[in-house]
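Rule-based calculations on the coordinates, nothing more; no lab input. From a predicted model like this one, the values you see are computed outputs, not experimental measurements. Note that each Cβ is placed from the backbone with ideal geometry, even for glycine, and that neighbours are counted across all protein chains shown.
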Amino acid sequence: MGKTVGIDLGTTNSVVAVMEGGEPVVITTAEGTRTVPSVVGFKSNGDRLVGVIAKRQAVVNPENTISSIKRFMGHSLGEVKDEASRVSYKIVPGKNNTVAASVPALGKELSPEEVSAMILQKLKADAEAYLGTTVDSAVITVPAYFNDAQRTATKNAGEIAGLNVLRIINEPTAAALAYGLDKKANETILVFDLGGGTFDVSVLDVGEGVFEVKATAGDSHLGGDDYDNKIVEWLVSEFKKDQGIDLNQDRAAVQRLRDAAEKAKVELSGQATTNINLPYITADATGPKHLDITVSRAKFEELTADLMERVKVPFFRALEDAKLKPTEVDEVILVGGSTRMPQVQDLVKQLTGKEPNRSVNPDEVVAVGAAIQAGVLGGEVKNIVLLDVTPLSLGVETQGGIFDKIIDRNTTIPTKKSRTYTTAVDNQPEVEINVLQGERPMAKDNKSLGRFHLQGIPPMPARMPQIEVTFDIDANGILNVVAQEKGTGSKQSITITGSGNLNRDDIERMIRDAEMNAENDRKEHELREAKNDAEKLTYSTEKTLREAGDKVDEATRQRATEKIEAVRKAVNGDDIDEIKATMAQLETESHAISEILYKHVSEQADASEGKPGASNDGDVIDADFKEEK
Ligand code: AMP
């Protein structure tokens, strides 16, 4: 059985951690870092790049580079209209009105699940390399405020990547687990998680191994990216004022502005002013244009004041739902890179009157918590109980388009609740169950997670049939709905696959694609290694021949040269067997040359009691035949 890891699949960065000897350990990636940028890019030949290498080429290849895909997980097209303009790649409508990223280099579209799976595959491979064993399952975190469609999409992404997703847990809960693992006394903790693309506030009671989430609230469209965009908008408008050119029309320029804006934002966390200097940002008939502007922290705070107002809303709602005053919180934990902004820290201090706790690295705390939960599920970590809640109310649409709640938000999960409904007209043969998630009183204002029909209701006057609808939320926060007509026992159920999700067939196809890709990647790697070895061999044999001069007879030289040519020809192609076969032949020749040279050297040594200057290390001779003076 393979290992289970904990994964923080972040909007901006992702982290993988594992329990080792009872302690959570963050895994160092193949690139030697502890976080992986959640960026996937494609070269013009379709080669896939994930992480830091994908991020690095984003400026020169924006239309084939996908970042912040988490924002689109589990979304239908209507929900991302305003987002489409923010990303450098194109979001296109897919089946069931789902969204997909159009990748010109591949000539096809990728669903957000597939893109996320590519990030997860990289984390899995890095973890396997680090652990020296297979990784086959994972606990993956999501923002507490993720709805059912977004959770299911995340679970599907894990499956596509070849991971058995043992549990989906909420990021703030994971953070609390990491923070409170050793806490004995009872405490009320507020986790304030402002990441790259999402914002979550959770209130938990922690003590003696029990982690009970009291309330959670958030905004799944608020994060560091929005702060960057405020700077980008400002830069665009200043540049327009100054130069009369709209940089928004130039994709590469926008990507450069975005990178520079993020950098400036990060710098402003540590200093009062910073300079944004982008030479050759664009050009017009009069020549190249440069952007050079100074931004102060005060200006940045002015530009982002409305975002700080948005932050307050979920903060107060979580506390209100937990029936607590801000000052009753014992400990505030800051999670997510965006909590490094002084204005965010000041706001938290001002609201709670507490100095925030930053004892666990905010970039790693979520993955660490996920690894702990993996340990709990694997039996490695004992005496920990996690009681999480559902972040949004769930229910059905009833007569007149009214949203009837069956499970209230902040109910501890897993949970199961039923309610009985009836028909509206005489002899109604079927009812449509529209499953909704949200807080608004009217059905149309909430998210429809899916619809299904309960058929076969026998002819009866209105209000006679008894239709029992049961909502069952599992520990992942994923919903299953069953409707049953009590008289006949006729039953219909669905595991919600909301509008933003994939159907089973799609998922299976994607799993196969991913596996194939892993296989292709492996083959590609082998081919590259073989080519590399072949090039080394031809190089060293040629060098030996050159240096051997007339010590090697013409016939041998001729044969070796032919074999070198054969290897070269094979290297130009992609047939690994051909490369290996020609290499084997060249190796035989190379050995023959070595023998000749060796013989020559020992004869010389015998003759002059000299010191041979040759060394034969393995099958390739790298000789220096100059006599030592
Ligand atoms: P996360 O999703 O938790 O990895 O957070 C990523 C976000 O944090 C990105 O928007 C980063 O720009 C932002 N971030 C990272 N470090 C800082 C910093 N020192 N100051 C402000 N924002 C930061």
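What aspartates and glutamates could a cross-link reach from Lys299, if we take a straight Cα to Cα line under 16 Å and drop same-chain neighbours fewer than 8 places away?
Correct list for Lys299: Asp226, Asp228, Glu233, Glu238, Glu262, Glu267.
Can you spot the aspartates and glutamates whose alpha carbon is less than 15 Å from Lys486's alpha carbon? Ignore those fewer than 8 places along the same chain.
Glu430, Glu468
Kirkwood Rh, Cα Rg: Rg to Rh for region 321-373?
Radius of gyration relative to Kirkwood radius: 1.01.
Can you give the relative contact order of region 30-73 as a percent, counting alpha carbon pairs under 8 Å and 6+ residues apart?
Computed over region 30-73, the figure is 37 percent.
May I ask you to evaluate 6.51 cos²θ - 1.76 cosθ + 1.60, the Karplus curve with θ = phi - 60°, for each residue of region 343-356 and list the ³J(HN,Hα) values in order in whole Hz, giving x for glycine and proline?
Rounded to whole hertz, the list is 5, 6, 4, 4, 4, 4, 4, 5, 6, 9, x, 10, 6, x.
Which of Lys43/Lys124; Lys536/Lys563; Lys122/Lys263; Lys70/Lys349; Lys263/Lys349 have a Cα-Cα distance over 20 Å?
Listed pairs above 20 Å: Lys43/Lys124; Lys122/Lys263; Lys70/Lys349; Lys263/Lys349.
What percent does the relative contact order of the chain come to when contacts are Cα pairs within less than 8 Å and at least six residues apart?
Here the relative contact order equals 13 percent.
If packing is taken as the average count of other Cβ atoms within 10 Å, what order do 32-43, 421-432 fall into, highest mean first?
Working: 32-43: 20.6, 421-432: 14.7.
With the highest mean Cβ count within 10 Å placed first, the list reads 32-43, 421-432.
Are there any chymotrypsin sites (Phe, Trp or Tyr not before Pro) in region 178-240 that are in a DSSP loop and have at most 16 other Cβ atoms within 10 Å? List them by number.
Passing sites in region 178-240 do not exist.
Within straight cross-link reach of Lys416, meaning Cα distance under 16 Å, which lysines are found once same-chain residues fewer than 8 apart are removed?
Output for Lys416: Lys405.
Quick one: helix 576-608 against the long Cα principal axis of the chain, what's the angle to the nearest 10°, folded into 0 to 90?
40
How large is the helix-only mean residue ellipticity at 222 nm for the chain, computed as the sum of -39500 (n - 2.57) over DSSP H runs with n ≥ 4, divided by its residue count, in deg cm²/dmol to the nearest 500?
-12500 deg cm²/dmol
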